[in-house]
Every structure is written in structure tokens, then in C-alpha cells.
Amino acid sequence: MLTYEMQCWDQDYIHIAGVDEVGRGCLFGDVVAAAVILPRGLILEGVDDSKKLSEKKRDELFEVIMKEALAVGVGQMDVQVIEQVNIKQASRLAMKKAVEQLSLTPDYLLVDAETVDSSIPQMAIIHGDALSQSIAAASIIAKVTRDKLCKEWDNRFPEYGIAGHKGYATRFHRERLMEFGASSMHRMSFLRKILGEKEEVKQIELF
């Protein structure tokens, strides 16, 4: 999990930031990204792709990462931005903001399968959250942060069960959408693809 970091350190890059996002494939809510700079040579046991970890383990590692990291930045883009620029660009904007929120300027970025709009040297790594400790740490920070937001959103829109499925297109979520219509935090461009033709989606009432 430190192979890519070691390559950077060998090239005299000291502060390596891992960058990842979560919520890209959801029907509901913001996309959230995180950037994490860990101390050189630090090994964090258990850090892995957030999707492979239990909620309890993610929460535990979140605290460890926040304690051990030299810097952590978080960025998020709301539904309005997602609809305006598309989810890919919104994810990139969230990543850029996360990097900008770091209290320490990184020398190099390791990014999970994406490019950050930055002059900082960087490398995009496919499945980076399973191959780089820095990216995995960022994935955990982003995931736990967004999950906490989902609980807040669930209080605002209890009919959809957001706290349970986190806004993804589960059968329960789709059924609730057909019953109650879409909220102001649903991604209408996604709903058209998931739920059917445009004329069918028009029947979904916005509120």
C-alpha cells in the first residue's frame, strides 16, 4: 500500500496527498472528496478501500487518520453543481477543493482514477483506493464524512431512507421515489437514466 508513495519519496517529494471521492453514483445528495497527507513512512494497519470496510472499522480508522495525518482537506459539490456541470466534473471540483483545503501544500498528488485541476504534480491510479495507503485514507475520510451527511439528510427527507442506502439506487429507494416523487436534493439527470424516459420522470413532483 506504500509502493506509489515510496516512488514519490525516492524522487524527493515529501508531502504526498492521497485524493478520492465518494457519492459519484448516487441518485441523491452531494459528492464528497477528501485529500490526506500522511507522515512519510507511516503504516496504518487496516487502512484499505473504504468500500471493503465495515462501518465500525471505517469510523475507527477515521479517528486514527485524523489524529495521525499531517493535513486533511474535504470538499463537496451539491446537486445544483452536479446538474450544471455533470457528475464527473463535479467530482473533480470536489477533489480540487479538498486539496485546496489542506493546511499543508502537498508536493505530489496520488488520485483515484481521476485528474485534479492543479499545477501540483500528480498521478491517476486505477483502483488507487486499494493500492495506495494515502488514497485509501482519503476514501475513508470522504466516506465517513458523507455518511454523516446522509444521516442529516435523512432527518430532512425521512421518507426516502437515505441513512440506510446513502442515496444509491436500491430497490427501496426507487420505490420511494415512485411513491413520493423527487426531493430538491435528488439528481434529476440520474433519475431519468435510472427510472425511465423523460416523460415518466416529469410525473415526479419536485418539492
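The values are calculated or read from the model by the stated rules, or taken from the named source; none is laboratory data. Computed from a predicted structure; not experimentally measured. In this analysis, Cβ positions are derived from the backbone assuming ideal geometry, glycine residues included, and neighbour counts consider all displayed protein chains. Accessible surface is based on the protein model in full, side chains and every heavy atom, while ligands, DNA and RNA are left aside. Shrake-Rupley method; radii C 1.70, N 1.55, O 1.52, S 1.80 Å.
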Among (i) 21.8, 65; (ii) 17.8, 58; (iii) 16.1, 49, the value of Rg and Dmax of the Cα atoms in Å computed for this structure carries the label (ii)
Which one of Tyr160, Gln84, Ala136 is farthest out on the positive end of the charge dipole of the range 43-179, using unit charges on Cβ (Lys, Arg +1; Asp, Glu -1) and the Cα centre as origin?
Tyr160
Which of the listed residues, Ile65, Ile16, Pro39, is farthest toward the dipole's positive end in the range 10-121, when Lys, Arg count +1 and Asp, Glu count -1 at the beta-carbon?
Ile65
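Hey, got the dipole for the chain? About the Cα centre, +1 on K and R Cβ, -1 on D and E Cβ, debye to the nearest 20?
Working: 26 positive and 32 negative charges, 106 e Å.
I would put it at about 500 debye.
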Cβ charges +1 (Lys, Arg) and -1 (Asp, Glu), total dipole of the range 45-114, debye
180
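Compute the length gained on full extension between Asp12 and Val64: take 0.36 nm times their separation in residues and subtract their Cα-Cα distance, giving the result in nm to one decimal. Walk me through the numbers before you get to the answer.
Values: separation 52, 0.36 × 52 = 18.72 nm, distance 2.63 nm.
Separation in residues times 0.36 nm, less the Cα-Cα distance, equals 16.1 nm.
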Cα Rg over Rh - the range 76-163, Kirkwood:
1.01
Calculate how many DSSP beta bridges within the chain are antiparallel, expressed in % of all such bridges and rounded to the nearest 5.
65
Length-normalised contact order of the chain in % [C-alpha pairs under 8 Å, at least 6 apart]
28
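Going from most exposed to least, what order do Asp154, Asp20, Asp10 have by accessible area with a 1.4 Å probe?
Numbers: Asp154 35, Asp20 5, Asp10 120 Å².
My answer, sorted largest first, is Asp10, Asp154, Asp20.
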What is the distance, in nm, between label points placed 7 Å from the Cα along the Cα-to-Cβ direction at Ser118 and at Glu45?
3.1
Among Phe172, Gln122, Ser103, whose Cα lies farthest out toward the positive end of the dipole of the chain, if unit charges sit on the beta carbon of Lys, Arg (+1) and Asp, Glu (-1)?
Phe172
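How much mean residue ellipticity at 222 nm does the chain get from its helices, if each DSSP H run of length 4 or more adds -39500 (n - 2.57) and you divide by all residues, to the nearest 500 deg cm²/dmol?
On the way: 9 runs with 93 residues, N = 207.
The helix contribution divided over the chain gives -13500 deg cm²/dmol.
With a/c under 1.5 counting as rounded, go ahead and sort the range 4-62 into rounded, prolate or oblate using the C-alpha gyration tensor (a ≥ b ≥ c being the square roots of the eigenvalues; past the cut-off, prolate if a/b is larger than b/c, else oblate).
Numbers: a/c = 2.99, a/b = 1.63, b/c = 1.83.
Because a/c hits 1.5 or more and a/b fails to exceed b/c, the range 4-62 counts as oblate.
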